[in-house]
2 protein chains.
Amino acid sequence: MCIYSSLSQSEIWLESPEDQNMDETQNTTAEARNEEDIFSILVATDIHMGYAEKDPIRSKDTFVTFEEILQVAQERNVDFLLLGGDLFHDSQPSTYCLYKCTELLKRYCLGDRPITMEYLSDPSLNFSFANTDSVNYEDPNLNVGIPVFSIHGNHDDPTGEQQISALNLISSAGLVNYFGKHTNFNSVEVEPILLKKGQTHLALYGLSHIKDERLGRMFLDKNVSFLTPQGDDWFNLMVIHQNRASRGVKSFIPDKSLPEMIDLVIWGHEHNCLIEPVQAGNNVFISQPGSSVATSLSQGESIPKHIGLLQIYKKEFNMTPIPLKTVRPFIYREILLRDFETLRQEYGENEVDSVANQALAIKEVEKVIEEMIQEAKDLGRKGNMLPLLRLHVGYKDEGQVFNAIRFGQKYQDKVANPKDVIKFRNHMRTSNTRTGDKEDKEFMAETVNLPNRVEDLVLQYFETNDVQLKCLNLRAFNESVMKCIDSNQPDAPIEVCNYLTKDAIKKLEEEAIEEENVEAFIIENNTKQHDVSLVDKILENKLGKKPVARRQEMEIDSGSDDDVSPVKGNDTTASTARGTRPARGPGSRGGRGSRGGRGSRARGKANPLF
Amino acid sequence: MCIYSSLSQSEIWLESPEDQNMDETQNTTAEARNEEDIFSILVATDIHMGYAEKDPIRSKDTFVTFEEILQVAQERNVDFLLLGGDLFHDSQPSTYCLYKCTELLKRYCLGDRPITMEYLSDPSLNFSFANTDSVNYEDPNLNVGIPVFSIHGNHDDPTGEQQISALNLISSAGLVNYFGKHTNFNSVEVEPILLKKGQTHLALYGLSHIKDERLGRMFLDKNVSFLTPQGDDWFNLMVIHQNRASRGVKSFIPDKSLPEMIDLVIWGHEHNCLIEPVQAGNNVFISQPGSSVATSLSQGESIPKHIGLLQIYKKEFNMTPIPLKTVRPFIYREILLRDFETLRQEYGENEVDSVANQALAIKEVEKVIEEMIQEAKDLGRKGNMLPLLRLHVGYKDEGQVFNAIRFGQKYQDKVANPKDVIKFRNHMRTSNTRTGDKEDKEFMAETVNLPNRVEDLVLQYFETNDVQLKCLNLRAFNESVMKCIDSNQPDAPIEVCNYLTKDAIKKLEEEAIEEENVEAFIIENNTKQHDVSLVDKILENKLGKKPVARRQEMEIDSGSDDDVSPVKGNDTTASTARGTRPARGPGSRGGRGSRGGRGSRARGKANPLF
């Protein structure tokens, strides 16, 4: 039985782990699979609409690529489009960005295309925070041709007093089905969207972005549970948006945290394309489609961008990577300049003085840049877009460093990012990266100790120098600054400061602290560790009386029943919910009767599955 | 024949001016008017969604009232909802505000309600900037129950590189029909939306907000033209969003600028409710519904808020004001404190020292505030909302002035705006406003010389003090600051500065100015008067190659034909467009055939009107 598919082997079908031990004869041959039983799903993540919107050259990139994705969805005639978060780059996107998104979704996703999958779960649970009472393709007032399902990422997460995501907006217009939003920060219960196409049953679990530290803690404390439908013939597909790799002082979700009951995880957030499904330690398959736009000029982003055509037949699946044609080419390279002494040996002492040293460095860099431009051209991308280039130039000799911005000006009409084509890095040892010796390998590791992000740097500063802020909780403030930067929530630091001030005053009053003890009390109060992130706690407080005990709303049969899929998961608890969908006879959606001519859409629900 | 209706006389029908000289027997009696021939239109303007969104008390006000308006539209079973601009308070509304708007529109305006009016004009002309190819209720993918038509105002006008309004966003979702957007700043040609209901023909002219100075100039230069359909049985309804009253140094559009061919104008932008139609000098009826929320605590805003039910039958119309029930009560008053000497005469010299003087003033103000609170309660508004109060307190004696913010704190739980309940005004003369003598009348006039707005103050400063900015064009910069404040376009001043810098450099290069003459040249260049607003010009330049010669796209019969409505207008030119709508046989919208069960909607277009 096959374990891995490769980018070229689109006809290889993988089986979910639990079936791999069964009799080989059960592996269905391609001939035996009926088109009407196969879910065909287009998978994409991290589209980052609105990224670089004000850049004179790249302003339209994300919109063009989102349109390409929607075109592929139409051409491939998929059952739905599944997005893994960060559809928007900002949590408060510009009006133009929202307009463009709405316009594209309406143009491509509404229409007369028949939808042949049945929605079987309870919309009030799946979309409880989206203010919709049905999956969008069952809305009697909309003619949806391609349903879109999306979780939110860290960029388009809910913000403000009302905890609204930009996804709420397009969801309220009926253009996407926004799911997987969880607002209880202590425990999470994931209710799957249940879909049926012919003989295939699909349970789609969505876990929108939660701060990694918090989610990691919840997994550890077994506070993440997955409701499972009755029966063992469900294909369990999960989509999440978290750190997968360790990054600086921030935490991440290790592959093995995932519950074993899941057959396949679509992993958002990570931008490098590792779309080919791989099996984690606990046998769960993971596919990481990667972003459809490079938002940083790092090596990982230079891996060609793909989306995936996921086909699911009963417990088997197949992922076919589809290269994106509209993505701006991005070429990444690293070189190490030959130093003064080496050049003198090569060209002779008289030829290389300090001026010539820099001139030779420029010449060397120019040569590589020209190669990179040619490499980008050779990709033959649509519309001959100007490429993004990033060349890391290692040097050992300060005299070789030249003005990178002025250097870039000569590539004004040849590259999309003339201002930051080159980054210099000080390299203390002599080597020639062109020859690829041992020291090249160390080049990459050089900056590991420098955190990537300003908040990590700040934390490091306070840790290293053994100083403390008096009145402000550093961690909370740092988090609010992150919210401000990452999620475009300009009010977050103010809100946090206000909260901390009020909180301190309240406590001072409650404890009736005398004036001379105020300072000590505040410092003590401030340095107390918080179990959960204070910033989120503040937001949580603001949310007020959200229905957190949602599980009680479900009709749960807690009695033992051997006929259900087994409860699994190391770090997780999987509970069995029966009748998650209230019985609803066919035709109970009265309004629908007024729309004829769409008989090809299977909407009857005569056979309750639960 | 009646000329005026009053708030209570909803059954009085007005006739358009040209018919008033006809035989009285032509005035249709109520009995003769057939329901199926009467257009029923709900009219509202200046809803300002998102205003005071961050105010702890008022945050939901605008959303609640917009919902009330949509509810009225449903209850009154209107043919459509007509909005006169400023649906949004910001040109870049918050995501929550956009979400709320979308959610409400989808909830109330989609549905199975039959629509019995025919759309007869060309959507590519009416909605040319809205990227839609049909009026929304003819979109085969949407089930629209209440069509909404809206122009933009000065608050939700198009912004940014792409010149996108928030209305474009909700229009792209198919929830409103956004019309009347004109991007050519030198001339405007208004193509009406043509609608037919039974025997009534309605031409709806939309003129979204244009800077008053510019539009005034265009009217003066006869560069505003109105295309008119063939036939003289059209009721010509116009909706605009401009200054109607003179405000400081800014210009306004006088009533008499309006073309005589218009029967009724719905005037947006002005917030005081003057919804009762009045006839202007040129016989055009004008109805000014006023805003549905008080965005300033001025006297005009304290007039009870209304929307209007406009009924149109052939050339007659009737406007029934509908009071809004969810609007927060707002009580406005002015008093003049009795001064030290008066009080001493009244209470005796020993009783009133400087401390008692202020205490008596506080007591007097408290008494009025309590009366105002009671007055608000007596309005019996829904939900017992805390009222808005504004008391202008005139004083002649500095010793009577007290801290207004501290004073307001005691009304924390009684009024919605405790921080600014009171405004003090220095009054140089002795009078007692309570007795209402002659000097009361002068109270209002006192601040006339003080402009309301910061940009007027700045202009005044430079005019009065005979100083000049050297490098910056003051007018342009002032305008960009206005855009920044009014339309939430934070980039406007930067864009304008960038443009002016580039422009200056370009001219310096072109004219090859020598170094010692640079300063003089810049000052000369700067002080040159611009015929049209520089800020708009900058935006215009950015727009690039928009199709401005749109009139050529229409099939215009320029030959003489007595059978067309006469060309009228003092300051305007009205041209006759025939066949503004390309011939389109019934059923040519193929996609529509797929939706049955909606036969009650008259969509056949078998009888071309042109």
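Coordinate-derived values only; no laboratory data. Remember, predicted model here, so these are calculated numbers, not experimental data. A quick note on method: Cβ atoms are made from the backbone with ideal geometry, for glycine too, and the neighbour counts reach across all protein chains shown.
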Taking H placed 1.01 Å from N in the peptide plane, check which residues at least 5 places from B:I422 or on another chain put their amide H under 5 Å from its amide H. B:L391
Could you sort the peptides B:363-374, B:322-333 by per-residue average Cβ neighbour count (10 Å cutoff), highest mean leading? B:322-333, B:363-374
Residues with amide H under 5 Å from that of B:F317, placed H, sequence gap 5 or more: B:L14, B:E15, B:S16
25 °C / 0.890 mPa s Stokes-Einstein diffusion coefficient of segment A:330-435, Kirkwood radius on C-alpha pairs, µm²/s: 170 µm²/s
Taking the C-alpha atoms of segment A:106-199, convex hull volume expressed per residue in Å³: 113 Å³
Explain nothing, just the number: dipole magnitude of segment B:308-382 about its Cα centre with +1 on each Lys and Arg Cβ and -1 on each Asp and Glu Cβ, in debye rounded to the nearest 20. 1060 debye
Averaging the inverse of every distinct alpha carbon separation and then flipping it gives the Kirkwood radius. What is it for segment A:43-295, in angstrom units? 18.4 Å
Nm distances between the label at A:N426 and the same-position labels in the remaining copies, 7 Å along Cα→Cβ, shortest first? 6.2
On average, how many beta carbons from a partner chain sit within 10 Å of the beta carbon of a residue in A:156-166? 4
Could you derive backbone 3J(HN,Hα) for segment A:165-182 from the dihedral phi with the Karplus parameters 6.51, -1.76 and 1.60 (θ = phi - 60°), listing whole Hz in sequence and x where the residue is Gly or Pro? 9, 4, 5, 4, 5, 6, 6, 5, 7, x, 9, 9, 9, 8, 9, x, 8, 10
If you put a point 7 Å past Cα along the Cβ direction, how far is that point for A:D233 from the same point in each other copy, in nm, smallest first? 6.5
If I take every Cα pair under 8 Å that is 6 or more residues apart in segment B:172-245, average their sequence separation and divide by the length, what percent do I get for the relative contact order? 37 percent
For B:N34 and B:S298, what is the calculated FRET efficiency with R₀ set at 45 Å and r taken between the beta-carbons, to the nearest 0.05? 0.55
Tell me, in nm to one decimal, what length is gained between A:E370 and A:Q199 on full extension, where the rule is 0.36 nm per residue of separation less the Cα-Cα distance? 56.0 nm
If amide H atoms are built 1.01 Å from N in the plane of the peptide, which residues on other chains or at least 5 residues away come under 5 Å of the amide H of B:D157? none
When N counts the residues of segment B:340-383, how does its alpha-carbon radius of gyration compare numerically with 2.2 N^0.38 Å, as a ratio? 1.67
I need the inter-copy label distances for B:Q460: point set 7 Å along Cα to C-beta, values in nm with one decimal, smallest first. 5.6
For segment A:368-415, just run the numbers: alpha carbon Rg, then divide by 2.2 N^0.38 Å, N being how many residues it has. 1.35
Give me a comma-separated list of calculated 3J(HN,Hα) values for segment A:185-196, in order, Karplus coefficients 6.51, -1.76, 1.60 applied at θ = phi - 60°, integers in Hz, x for any Gly or Pro. 8, 9, 8, 10, 10, 9, 9, x, 7, 9, 10, 9
